[in-house]
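Notes follow once the structure below has been shown.
The values are calculated or read from the model by the stated rules, or taken from the named source; none is laboratory data. Being a predicted model, the structure only gives us computed values, none of them experimental. FYI the Cβ positions are ideal-geometry reconstructions off the backbone, even for glycines, and counts take in every protein chain you see. Accessible surface areas use protein heavy atoms only, side chains included; no ligands, DNA or RNA. Shrake-Rupley method; radii C 1.70, N 1.55, O 1.52, S 1.80 Å.
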Amino acid sequence: MNEKLWGDFEGRMRDLRELRSAASLLGWDQETCLPPRASEARGRQVAVLEAVIHERLCDPRLADTIAALAGEALPPDRAAMVRQLSREAERARKLPEAWVRALARAQSAGLAAWRQAREAHRFDLFAPALGKLLALRREQADLLGHGGVRYDALLDIYEPGARVAALQPLFARLSTELRRLAEMIAGSGRRTPAIEGRFEVARQETFCRELVTAMGFDLTAGRLDRSAHPFTLGVHPTDVRLTNRYREDDPRPAIFGAIHECGHGLYEQGFAPVIAGTNLADAPSFGLHESQSRLWENLVGRSLPFWRAFFPGLQKLFPEALGNLAVEEFHAAVNGVGHSPVRVEADEVTYNLHIALRLALEAAMIAGDLEPAELPGAWNETSRRLLGFSPRDDVEGVLQDIHWAWGDVGYFPSYTLGNLYAAILLDAAEREIPNLWERVSHGELLPLREWLRRKIHAPGRQRDTEETVRAATGEGLSERPFLAYLWAKYGELYGLARGR
Ligand SMILES: [Zn+2]
């Protein structure tokens, strides 16, 4: 092992990491507390940092160092660091500066056109900007390289190694079962109790802090702040930022927002100290990161044992609104299955149908089989087929997500993969942690956090997603554990006859 060569590589890798941390902290600041007049100055600060990062990634001396290391026998962790940075540098080199600038321009034009189209309820105002963004994404796919399917090159950015040809049959099987379950729930005639009243925001925030603390989030190595859209930023395992938003008329968005973001936050706090500050301190895919937020939010946070532990505390904070509600009623109220046309408000059962819809349409658009002008019609038709209804208008339909306004294509499948991985992981945790649910019902969440930390968080991205999950559970990607979980839970909640 040539230690001088390694030292050179490690220095470059760690510096890039610090530069990224600084850039993302500026972004966090922008979302939480930047004075309104400062956004232009902030834009310039971020742009300079991004340029420095790009320059360093494309530095020929980095390429030389990586090439020289190819001849060295490296231990697995170091080999993974080299693989990771080499992939990133190669990607940066393949995208010329003119393309990067053109994308940035098309993104701000896309966002502006999308906002206008929403305001005027006119999709045609957004269509030309979307067309430009799609053309740039096709160009990006060609620049990055692919085996004949452009969508795969974009998917690979979020889910390394995933292929749309493998995802489509998985989504088809999943959609068939989800539709059946959703129809049976609709036919059951059961309605979920309403949650009504005034919920003082400061008290909600107190409760959310208690929840994330119980989950094992370390507030001396992290924060919980407010922002318009909840998100999590991991600067370093000792500095993890969660944000959340609050509504006075309903505490549920804040509660499940906090649990969701905390799931991401535990991942970021859980990287082993030896990989902190290296490029291995990250999830191997967006889907696996999302599996952690979804596992906590839905599989744990919407379970009856969880609320047996935490509902009394919530009742104490809001005695007028919740004092007369039984824990079983509250549990039913956080598990309502309805017909939301909006993805972010969808329940666990129909959520992945929303994703199936987006995957079908964006893959067709990138392949050139669907023109932007035809998109609203295709959206409404696919929505009818998958969800059983079409939206009232384009704002509630095709214009609802910000992703395409930015030209982000290939991102949506990660949400569903997160749900599927969450169920696989929880199955294994149930097998390995004695009396897991009984402990949860006493508010003991640390055994689960410890299990996840050891199996998923600590290794970071030393291995890819499939290998990480297989090492943790012995299982590979499948829709079956997720479907079994849904049938068991909603079968009981809605009194369904065993329909399988
Ligand atoms: Zn998330």
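Data for the structure
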item: For segment 314-327, Karplus couplings with θ = phi - 60° (6.51, -1.76, 1.60), whole Hz, Gly/Pro x; result: 5, 4, 5, 6, 10, x, 5, 7, 10, x, 9, 8, 7, 4
item: Other-chain or far-sequence residues with amide H under 5 Å of Arg223's (modelled H); result: Val240, Arg241, Leu242
item: For the chain, accessible area per residue (1.4 Å probe, heavy atoms of protein chains only), Å²; result: 45 Å²
item: For His339, solvent-accessible area (1.4 Å; no DNA, RNA or ligand), Å²; result: 120 Å²
item: Karplus 3J(HN,Hα) series, Hz, for segment 379-391 with 6.51 cos²θ - 1.76 cosθ + 1.60 (x for Gly, Pro); result: 4, 5, 5, 5, 4, 4, 5, 8, 9, x, 7, 10, x
item: Computed accessible area, Ile255, all protein chains, 1.4 angstrom probe, square angstrom; result: 0 Å²
item: Helix-only [θ]222 nm of the chain, DSSP H runs n ≥ 4, -39500 (n - 2.57) each, per residue, nearest 500; result: -20000 deg cm²/dmol
item: Additional length obtainable on full extension of the chain from Arg384 to Asn435, 0.36 nm per residue less Cα span; result: 14.1 nm
item: Cα gyration tensor, segment 107-178 - rounded (a/c under 1.5), prolate or oblate; result: oblate
item: Segment 173-271: trypsin sites (Lys or Arg not before Pro) falling in loop per DSSP and having at most 15 other Cβ within 10 Å; result: Arg190, Arg191, Arg198, Arg245, Arg247
item: Accessible area in the full protein assembly, largest first, 1.4 Å probe, for Glu55, Glu200; result: Glu55, Glu200
item: The chain - percent of accessible surface contributed by carbon and sulfur, probe 1.4 Å; result: 51 percent
item: Lys/Arg +1, Asp/Glu -1 at C-beta; segment 142-500 dipole; positive extreme among Gly301, Tyr411, Val327; result: Val327
item: Convex hull per residue volume in Å³, alpha carbons only, for segment 248-403; result: 159 Å³
item: Lys/Arg +1, Asp/Glu -1 at C-beta; segment 1-94 dipole; positive extreme among Ile66, Trp28, Gly11; result: Trp28
item: Computed accessible area, Val164, all protein chains, 1.4 angstrom probe, square angstrom; result: 10 Å²
item: Cα centre as origin, Lys/Arg/Asp/Glu Cβ charges: the chain dipole, Debye; result: 180 debye
item: Total formal charge among the other residues, if their Cβ is under 14 angstrom from that of Val201, Lys/Arg +1 and Asp/Glu -1; result: +1
item: Segment 74-156: trypsin sites (Lys or Arg not before Pro) in DSSP coil with no more than 15 other Cβ atoms inside 10 Å; result: Arg122
item: Whole-Å semi-axes of the ellipsoid equivalent to the chain (Cα gyration tensor, √5λ, descending); result: 36, 29, 24
